[in-house]
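Here's the structure, in structure tokens; my notes come after.
The values are calculated or read from the model by the stated rules, or taken from the named source; none is laboratory data. Quick caveat: nothing in here was measured; it's all calculated off a predicted structure. So basically every Cβ, Gly included, is an ideal-geometry build from the backbone, and we count neighbours across all protein chains shown. Protein only, heavy atoms only, side chains kept; ligands, DNA and RNA dropped before computing areas. Shrake-Rupley method; radii C 1.70, N 1.55, O 1.52, S 1.80 Å.
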Amino acid sequence: EQDVAVYRARREITVEGHDVPRPIQMFHEANFPDYCLEVISRLGFVEPTPIQSQGWPMALKGRDLIGIAETGSGKTLAYLLPALVHVSAQPRLEQGDGPIVLVLAPTRELAVQIQEEAVKFGSRASIRSTCIYGGAPKGPQIRDLKRGVEIVIATPGRLIDMLEAQHTNLKRVTYLVLDEADRMLDMGFEPQIRKLISQIRPDRQTLYWSATWPKEVETLARQFLRNPYKVIIGSPDL
Ligand code: ADP
Ligand code: MG
């Protein structure tokens, strides 16, 4: 217990919630599949970042999670590797099924970056992902959705279009990520986010990420998360 407190203090990790698991100090402690560890070592990563070190064991418990850490701190893999574990534990997709994991992100650029990480890690396990964003032709996006993908990374507006046209559905989503929640609210996506979440089963796992923690961001989190863990790295601009 003493070591855990020292480790958290040294890495500026603050936690809240019931039954918070210990942070992991080395990659292999998270029990990710070997193919993930191989990619990590190929990328030359030496150790988990603080948000990964504490966020991974939390996310792997299947509980809701609020993660607050500045840009560049490794939040993408903090939710993506547990997402791959989650997908692997679900029955395979059947014809007509929508995604199991949905990641909502504010911009096309960010969605594309997340997708690149998802491909780097997920392709080894044949976990498919696609990106759905506005300002680009719908055809290829519709084709991917119809073929079936375990992971959809989307900006809210275009995803709503796809749902309304019945190119996909959110019935199988059990792992929901809101990435850069603060930016999504700044960009006025709150109504779209509400609309999307209302179509997702309430017993999902929800992971909510932000670089800052203003009142509106907290209010939205409180409405959509159940008994979440919270992990804060450093003292972000509150
Ligand atoms: P954030 O979402 O917090 O802004 P990213 O997930 O985009 O941060 O990660 C920033 C960069 O750090 C990326 O290039 C990513 O590949 C790299 N990265 C992630 N995890 C680690 C790690 N454990 N060690 C070294 N680099 C990492
Ligand atoms: Mg990020």
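Some points to look at:
- Every condition in (1) within 15 Å of the chain's Cα centre (by Cα); (2) within 15 Å of ligand 2 (Cβ to nearest atom); (3) in a helix (DSSP H, G or I); (4) not polar (S, T, N, Q) is met by residue 217 except one, and the failing one is (1).
- Taking (1) among the charged types (D, E, K, R); (2) assigned to a helix (DSSP H, G or I); (3) over 22 Å from residue 213 (Cβ atoms) in turn, residue 8 satisfies each apart from (3).
- Scanning the stretch 9-42 for residues that are touching a helix residue (DSSP H, G or I) at 6+ places or on another chain (Cβ under 6 Å) and in contact (Cβ under 8 Å) with a residue 60 or more places away in the chain yields 11, 13, 35, 36, 39.
- Pairs where the first residue, in the stretch 118-138, is over 18 Å from residue 82 (Cα atoms) and the second is part of a loop (DSSP other than H, G, I, E, B), C-beta under 8 Å, 6+ apart: 132/155; 133/107; 133/155; 134/155
- Options 84, 102, 110; residue that is open to solvent by less than 10 Å² (accessible area, probe 1.4 Å), assigned to a helix (DSSP H, G or I) and on the phi < 0 side of the Ramachandran plot: 84
- Neighbours by Cβ (under 8 Å, 6+ apart or cross-chain): first from the stretch 43-72, within 14 Å of ligand 1 (Cβ to nearest atom); second of a type in the set (Val, Ile, Thr) and assigned to a helix (DSSP H, G or I): 67/51; 69/51
- Every residue from the stretch 169-185 that is away from ligand 1 (no atom under 16 Å from the Cβ) and in contact with a Lys or Arg (Cβ under 8 Å, 6 or more places away or on another chain): 171, 173, 174, 175, 176
- Residues of the stretch 130-154 that are away from ligand 2 (no atom under 16 Å from the Cβ) and not in a helix (DSSP H, G or I): 130, 132, 134, 135, 136, 137, 138, 148, 149, 150, 152.
- Members of the stretch 21-53 that are open to solvent by 40 Å² or more (accessible area, probe 1.4 Å) and either assigned to a helix (DSSP H, G or I) or of a type in the set (A, V, I, L, M, F, W, C) (or both): 26, 28, 29, 34, 37, 38, 41, 42, 43, 45, 46
- Restricting the stretch 85-121 to residues that are away from ligand 1 (no atom under 12 Å from the Cβ) and small (Gly, Ala, Ser), the residue that is nearest to the chain's Cα centre (by Cα): 111
- Scope the stretch 172-223; condition closer than 25 Å to residue 94 by Cα, of a type in the set (Ser, Thr, Tyr) and in contact with a Leu (Cβ under 7 Å, 6 or more places away or on another chain); matching residues: 206
- Top-ranked residue in the stretch 131-147 [being closer than 16 Å to residue 101 by Cβ and in contact with a strand residue (DSSP E or B) (Cβ under 6 Å, 6 or more places away or on another chain); ranked as least open to solvent (accessible area, probe 1.4 Å)]: 132
- Residue list for the stretch 195-214, filter: in a helix (DSSP H, G or I) and either open to solvent by 50 Å² or more (accessible area, probe 1.4 Å) or without any contact (Cβ under 8 Å) to a residue 60 or more places away in the chain (or both): 195, 197
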